[in-house]
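In what follows, a structure is listed as structure tokens, so that the remarks can point back to it.
The values are calculated or read from the model by the stated rules, or taken from the named source; none is laboratory data. Model, not experiment: these values are computed from the prediction. Please note: Cβ atoms are built from the backbone with ideal geometry, for glycine as well, and neighbour counts cover all protein chains shown.
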Amino acid sequence: MKEPFVLALDLGGSYAKTLAYSRRFGVLVRTKIPSRVEEGPARTLARLAAELKRVRALSGVPARAFAAVGIGAPGPLDHRRGIILSTPNLKGWRNVPIAASLGQAVGLPALLDNDARCAAWAELRLGAGQGSRDLALLTLGTGVGGGLVLDGRLRRGPDGTAGELGFLYLDRALDAPRCNFGLPGSLEALASAPALALAARVALRRARRGPLWRLCQGQPSAVTAAMAHAALRLGDPSAKAAWDQAGRALGLAAASLINALNLERLILGGGVMADGGRELLSRVRGVAKAGSVPQAYRRCRIVAAGLGDDAGALGAAELALDAVGRA
């Protein structure tokens with residue numbers, strides 16, 4: 001039997017990324033379009049179905065060669081039934097049967113999984129996790145997502161919510177914003193892009209000077225995580241305070257995961273890493289080393305993700321191919 005082709009979709013709050021893919025030929029076509037999820041599920045899904053059909057046509061591969069559609073989306077979701085249950089990143093999307101809707105529109109079986117789990121699977125198969133069987137991925141962006149691969153198998157949990165590593169609870173006493181679901185002191189509340197920006201703003205309002213003050217033109221409310229990274233490279237103390245907070249929180253989370261799961265890889269990805277991965281990795285490794293069992297720490301490599309923007313869609317594609325192979 002010839003290796004099939006699949007379509008893949010990584011649905012985010014701002015953008016939707018699509019691929020046409022096979023293991024033999026890799027990525028044939030990739031696109032990235034605004035997701036416009038605020039228009040509601042019906043209109044958004046109709047537009048995404050049209051984009052998937054367009055990608056299939058652009059691939060130059062006969063439609064009959066495609067076997068499935070893989071979908072990655074923010075959780076919580078029910079991957080068995082293909083339903084987005086509710087998610088803060090897709091406001092107003094409750095109990096949306098995304099797999100059935102897109103599958104019917106495209107004329108292919110469709111499979112849904114959590115976007116960060118998809119990215120973890122892609123890094124295992126194709127990226128920074130190759131050669132390992134036990135890894136955790138943390139995606140640092142608007143929130144903090146997570147995925148776990150244990151003994152070579154993607155960990156979903158009995159109701160599909162395993163791997164929500166952004167809700168690891170570190171310290172309620174820490175002065176941090178409330179994250180989407182958790183309390184102050186959760187990893188998402190300390191190391192996401194909004195948390196980084198907020199920490200920089202708080203420090204800047206006290207300092208009222210330095211490179212970050214000039215970059216934001218004296219308006220701390222305008223500070224972003226990317227701006228804080230630019231200021232960090234110029235030696236700004238307010239930016240340093242924000243990145244130190246994120247590095248410490250991620251290092252504590254990394255130590256806990258390494259100690260509990262005896263990981264081979266802990267992978268950091270997402271937009272925050274694109275802004276300041278080198279600076280963040282050094283902070284995370286230092287804190288993790290101090291808090292980990294020495295033998296476990298030596299076994300685990302803490303590394304940057306290798307697949308960039310493609311990770312979620314590639315993981316959805318690989319999971320779809322796995323499912324087709326089992327059918």
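Annotations for the structure displayed:
- Annotation: V6 fulfils all but one of (1) crowded, with 18+ Cβ neighbours inside 10 Å; (2) farther than 20 Å from L321 by Cβ; the unmet one is (2).
- Condition check for E264: more than 19 Å from V144 (Cβ to Cβ), of a type in the set (D, E) and in the same structural domain as A228 (by TED's automatic domain parsing): yes
- The number of residues in the range 275-295 being within 23 Å of the chain's Cα centre (by Cα) and of a type in the set (S, T, N, Q) comes to 1.
- Test result for G251, buried (at least 23 other Cβ atoms within 10 Å of the Cβ), touching a residue at least 60 places away in the same chain (Cβ under 8 Å) and either touching a strand residue (DSSP E or B) at 6+ places or on another chain (Cβ under 7 Å) or farther than 19 Å from A119 by Cβ (or both): no
- The set of residues in the range 266-299 that are farther than 18 Å from A225 by Cα and surrounded by 24 or more Cβ atoms within 10 Å (Cβ to Cβ) comprises L266, I267, A288.
- Scanning the range 52-75 for residues that are over 15 Å from C118 (Cβ atoms) and surrounded by 16 or more Cβ atoms within 10 Å (Cβ to Cβ) turns up L52, V55, R56, S59, V61, F66, A67.
- There is no residue in the range 231-246 that is surrounded by fewer than 17 Cβ atoms within 10 Å (Cβ to Cβ), over 23 Å from the mean Cα position of the chain (by Cα), in a helix (DSSP H, G or I) and among the hydroxyl-bearing types (S, T, Y).
- Spans of strands (runs of 3 or more DSSP E) in the range 1-111 with at least 2 residues closer than 19 Å to G141 by Cα and touching a residue at least 12 places away in the same chain (Cβ under 8 Å): 5-11, 15-22, 26-34, 66-73
- Cross-chain or 6+ apart pairs with Cβ under 9 Å, the range 287-303 first and touching a residue at least 40 places away in the same chain (Cβ under 8 Å) and outside any strand (DSSP E or B), then of a type in the set (S, T, N, Q) and buried (at least 19 other Cβ atoms within 10 Å of the Cβ): C300/S292
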